[in-house]
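Reading through the structure tokens given below for one structure.
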Amino acid sequence: MSQQKFGVLGWPVTHSVSPQMQGAGFDWLGIDASYKLLPLDPGEFENGIRQLVADDFRGWNITVPHKAAMLPLLDEIDPPARLAQSVNTVLNDNGKLYGWSTDGYGLERSIREAFGVPAAGAHILFWGTGGAARATACHYAAAGAAQITLINRTQARAEALAEVLRSSQTEASIQVIDRADNHAVRTALSAAGVVVQSSSMGLKPEDPSAIPLEVLPENGRLLDMIYRPTPLLLAARERGWETADGKEMLLYQGVRSFELWTQREAPVAAMRAALYAALG
């Protein structure tokens, strides 16, 4: 049997540590497979996917800016991924393409392990409503969350995501808070079971706290999707919050992709060790 081929598509994609993480999984289980960085210009996206199929790639991950562009090229799409209009994992089964978003699984698993909070019945507050929040909020809406609260710099964008979530016939109560209303924001942060910081604020070392410190209450649970301690994470910790960064979310979205491709239980410890080493 010839070597199975996998990779990650993005533009750019050189920053991705998925090859180290997925490669460790294949090595641990003795699976003969390669996993490559696959830079793909958005203008060449459709041709690039055809070429992957022609080259017998078994599967691939997708990162920015291609997560929505993949949808029209799929034969079958997992319902939460269709709702979010975001796919990050594709399986090629003899030319038939299946798509999923594993970001929500990654967030759910990391929240459960960090804080002991299951998705069913959870009250999750998303600070930022871009692509990462969209994919993960749609997952929580489908997974039985009791309440999803959205706060975003641009109110209209939060309202648009709220409408998407409500259209899914979720049981969850969907709430949008005006970011300019400090009292309402502080009350919402206090009430949430878990606060998820899903904006890009904190990626640069000089960035301020994503959530203004004047509205950050004492105590709570915070997961910041950024992979290293941010000003917000450190400030929250000082105020008695339980905190987690985004590394375990990154791990578990990759674990889920691995299992969808291989139909094997992923060697989580080996993949975690490789991921943490790659992130330094």
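The values are calculated or read from the model by the stated rules, or taken from the named source; none is laboratory data. Since the structure is predicted, the reported quantities are computational estimates derived from the model, not experimental observations. FYI the Cβ positions are ideal-geometry reconstructions off the backbone, even for glycines, and counts take in every protein chain you see. Areas reflect the complete protein model, heavy atoms only, side chains present, ligands, DNA and RNA absent. Shrake-Rupley method; radii C 1.70, N 1.55, O 1.52, S 1.80 Å.
Within segment 150-169, the residues that satisfy the criterion of being open to solvent by less than 70 Å² (accessible area, probe 1.4 Å) and within 20 Å of the chain's Cα centre (by Cα) are Leu150, Ile151, Asn152, Ala158, Ala160, Leu161, Ala162, Val164, Leu165, Ser168.
If you go through segment 4-34 and keep only what is over 14 Å from Leu250 (Cα atoms), in a helix (DSSP H, G or I) and within 16 Å of the chain's Cα centre (by Cα), you end up with nothing. Please verify whether segment 130-138 includes one or more residues that are touching a helix residue (DSSP H, G or I) at 6+ places or on another chain (Cβ under 8 Å), modelled with pLDDT of 95 or more and either in a strand (DSSP E or B) or more than 24 Å from His66 (Cβ to Cβ) (or both). Scanning segment 130-138 turns up no residue that is touching a helix residue (DSSP H, G or I) at 6+ places or on another chain (Cβ under 8 Å), modelled with pLDDT of 95 or more and either in a strand (DSSP E or B) or more than 24 Å from His66 (Cβ to Cβ) (or both).
Could you check how many residues of segment 235-260 are open to solvent by less than 10 Å² (accessible area, probe 1.4 Å) and within 18 Å of Arg272 (Cα to Cα)?
7
Look through segment 100-117, keep the residues that are out of contact with any helix residue (DSSP H, G or I) (no Cβ under 6 Å at 6 or more places or on another chain) and of a type outside the set (Asp, Glu), and return whichever of them is farthest from Gly246 (Cα to Cα).
Across segment 100-117, the extreme among qualifying residues is Gly116.
Filtering segment 5-28 down to residues that are open to solvent by 50 Å² or more (accessible area, probe 1.4 Å) and in contact (Cβ under 8 Å) with a residue 24 or more places away in the chain, which residue is farthest from Gly280 (Cα to Cα)? My answer is Lys5. With respect to the conditions (1) open to solvent by 50 Å² or more (accessible area, probe 1.4 Å); (2) among the small types (Gly, Ala, Ser); (3) within 16 Å of Phe258 (Cβ to Cβ), Ala54 falls short on a single one, namely (3). Screening segment 183-228 for residues that are among the hydroxyl-bearing types (Ser, Thr, Tyr) and under 30 Å from Leu275 (Cα atoms) and picking the one that is surrounded by the fewest Cβ atoms within 10 Å (Cβ to Cβ) gives Ser200. When each of Arg82, Arg58 is tested for being charged (D, E, K, R) and within 28 Å of Ala273 (Cα to Cα), the lone residue that passes is Arg58. Yes or no: Ala156 part of a helix (DSSP H, G or I), free of Cβ contacts under 8 Å to residues at least 24 places away in the same chain and either touching a helix residue (DSSP H, G or I) at 6+ places or on another chain (Cβ under 7 Å) or hydrophobic (A, V, I, L, M, F, W, C) (or both)? When the stated conditions are applied, Ala156 passes them.
Starting from residues that are open to solvent by less than 40 Å² (accessible area, probe 1.4 Å) and under 16 Å from His139 (Cα atoms), keep the ones in segment 57-96 and report whichever is farthest from the chain's Cα centre (by Cα). Going through the qualifying residues, I end up with Ile77. Applying the criterion of being aliphatic (A, V, I, L, M) and within 16 Å of the chain's Cα centre (by Cα) to the residues of segment 134-147, the residue that is farthest from Ala120 (Cα to Cα) is Ala135.
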